[in-house]
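Trainee: I'd like to ask some things about the structure below.
The values are calculated or read from the model by the stated rules, or taken from the named source; none is laboratory data. Please read these numbers as outputs of a predicted model, since none were measured by experiment. No Cβ is skipped: glycine too gets one built from the backbone with ideal geometry, and neighbour counts run over all protein chains shown. The area values use the complete protein model at the heavy-atom level, side chains included, leaving out ligands, DNA and RNA. Shrake-Rupley method; radii C 1.70, N 1.55, O 1.52, S 1.80 Å.
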Amino acid sequence: MKLVILSTISILLQIFLCQQIRATSKNILELLNKGDIPNLQQFIKVEGDKLKAKLDNGKPILVHAVEVAVPEIVEELLKSGKVDPNEKGPDGLYPIHIAAKRGSPEIVHSLVRHKALTDKPADGSGYFAVHYAAEGSTPGHTKVLQEIVSEAQGDLDVFTKTSNPLTALMIAAEKGNQNTVEYLMSHANKIDQKDKNGNTALHKAVVKATNVSIVTLILEGGASVEQKNNEGKTAKDLALKNPKLANEVAIFEEYAIPEGYEKESEHEHEHEHEHGKEGEHEHGKEGEHDHDHDHDNEEDDPQGFTPKEHPFISEHEEL
């Protein structure tokens, strides 16, 4: 009988707790969806610990708030210290991925300032926040990149590859996001990185380009026109297949390394190297000659004195 009573009480408690969680989820959802900051602040003061619970759909509260995209709400939750900026949702995306994808620089700013990690890849795609930002075409997406780079204080490599591997520049070039490409080129140090098919950002830019602007940006940034993909194709080869670029291929010639230039440079370098060796050899001989001359003087005067310094030679005898 006692076991039955205890079992019944346990079941009732579980039902009560589930109802409470659902009520809390409903209350939180209403506050988040309405952007009700005053009541959210009151909720945090009274029942802040409940922010650690997940919603009925399995999402962390912060993830939902970032999806709603009200910067002030996200900032209040982060300030409470009750939510984890690095807790991912059921789809494998972290809050900073969602904000970057949506092109929300203010939210990205808050997240990074509250220790959200910029180098965490999403499940499945392997994308980092910079890759999601590079996919977008709005000014907000470019600002997200600026926020991530500035807040990371130089610790982030904007040319980090995904597991595919892709860089943010490759993605932006392929999507035709000119402002993003321009910003990334200003931080360029690995322009000619390749994806699994051997394509560089320049290859990707010419395939879907509707004009020559992005291609020019990448070329001016120092991209190599000689790079070939796994099929042995250069960016120029691919550009010839794009009707909107076919008449613009002359631009590749402007940035091509003149034929024989590398060989001439190598020959000049070898010549300078050999000349340097000869100089060192002659200098070595002169040094040996001087040393022999000094040695002869030492034999004439075993104590090593010169005539003027010798204590037993007068000026008259010296002359």
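Trainee: Report the residue count in the stretch 50-63 for those that are over 13 Å from Ile107 (Cβ atoms) and either in contact with a helix residue (DSSP H, G or I) (Cβ under 7 Å, 6 or more places away or on another chain) or without any contact (Cβ under 8 Å) to a residue 24 or more places away in the chain (or both).
Mentor: Residues flagged as over 13 Å from Ile107 (Cβ atoms) and either in contact with a helix residue (DSSP H, G or I) (Cβ under 7 Å, 6 or more places away or on another chain) or without any contact (Cβ under 8 Å) to a residue 24 or more places away in the chain (or both) within the stretch 50-63 amount to 7.
Trainee: Within the set of pairs 6+ apart or on separate chains, which have a first residue in the stretch 31-43 that is without any contact (Cβ under 8 Å) to a residue 40 or more places away in the chain, a second that is acidic (Asp, Glu) and loosely packed, with under 14 Cβ neighbours inside 10 Å, and C-beta atoms under 7 Å apart?
Mentor: Note: pairs meeting the criteria are Ile37/Glu72.
Trainee: I'm trying to understand the selection: among the residues of the stretch 190-207, which are hydrophobic (A, V, I, L, M, F, W, C) and either part of a loop (DSSP other than H, G, I, E, B) or open to solvent by less than 10 Å² (accessible area, probe 1.4 Å) (or both)?
Mentor: Correct list: Ile191, Ala201, Leu202, Ala205, Val206.
Trainee: Also, I was wondering about something else. Does Glu231 satisfy being surrounded by fewer than 12 Cβ atoms within 10 Å (Cβ to Cβ), closer than 25 Å to His187 by Cβ and without any contact (Cβ under 8 Å) to a residue 40 or more places away in the chain?
Mentor: It is false that Glu231 is surrounded by fewer than 12 Cβ atoms within 10 Å (Cβ to Cβ), closer than 25 Å to His187 by Cβ and without any contact (Cβ under 8 Å) to a residue 40 or more places away in the chain.
Trainee: Another question about this same structure. Just to confirm my filter: which helices (runs of 4 or more DSSP H) fall fully inside the stretch 35-101 and include at least 2 residues that are under 22 Å from Ala133 (Cβ atoms)?
Mentor: Filter on the stretch 35-101 gives 61-68, 71-80.
Trainee: Looking only at residues in the stretch 105-127 that are open to solvent by less than 20 Å² (accessible area, probe 1.4 Å) and in a loop (DSSP other than H, G, I, E, B), which one is nearest to Pro165 (Cα to Cα)?
Mentor: Gly126
Trainee: I'm checking my understanding of the structure. Among residues of the stretch 39-54 that are more than 38 Å from the chain's Cα centre (by Cα) and not aliphatic (A, V, I, L, M), which one is surrounded by the most Cβ atoms within 10 Å (Cβ to Cβ)?
Mentor: Selected residue: Phe43.
Trainee: Counting only residues that are out of contact with any helix residue (DSSP H, G or I) (no Cβ under 8 Å at 6 or more places or on another chain) and of a type outside the set (Ser, Thr, Tyr), which one in the stretch 150-165 is modelled with the highest pLDDT?
Mentor: My answer is Pro165.
Trainee: Does Thr24 satisfy the condition of being at pLDDT below 90 and either among the aromatic types (Phe, Trp, Tyr) or surrounded by 13 or more Cβ atoms within 10 Å (Cβ to Cβ) (or both)?
Mentor: Against the criterion (at pLDDT below 90 and either among the aromatic types (Phe, Trp, Tyr) or surrounded by 13 or more Cβ atoms within 10 Å (Cβ to Cβ) (or both)), Thr24 qualifies.
Trainee: Only one of these is modelled with pLDDT of 95 or more, closer than 18 Å to Tyr183 by Cα and not polar (S, T, N, Q): Val83, Val130, Val66, Val108. Name it.
Mentor: Val108 is the lone residue from the list that is modelled with pLDDT of 95 or more, closer than 18 Å to Tyr183 by Cα and not polar (S, T, N, Q).
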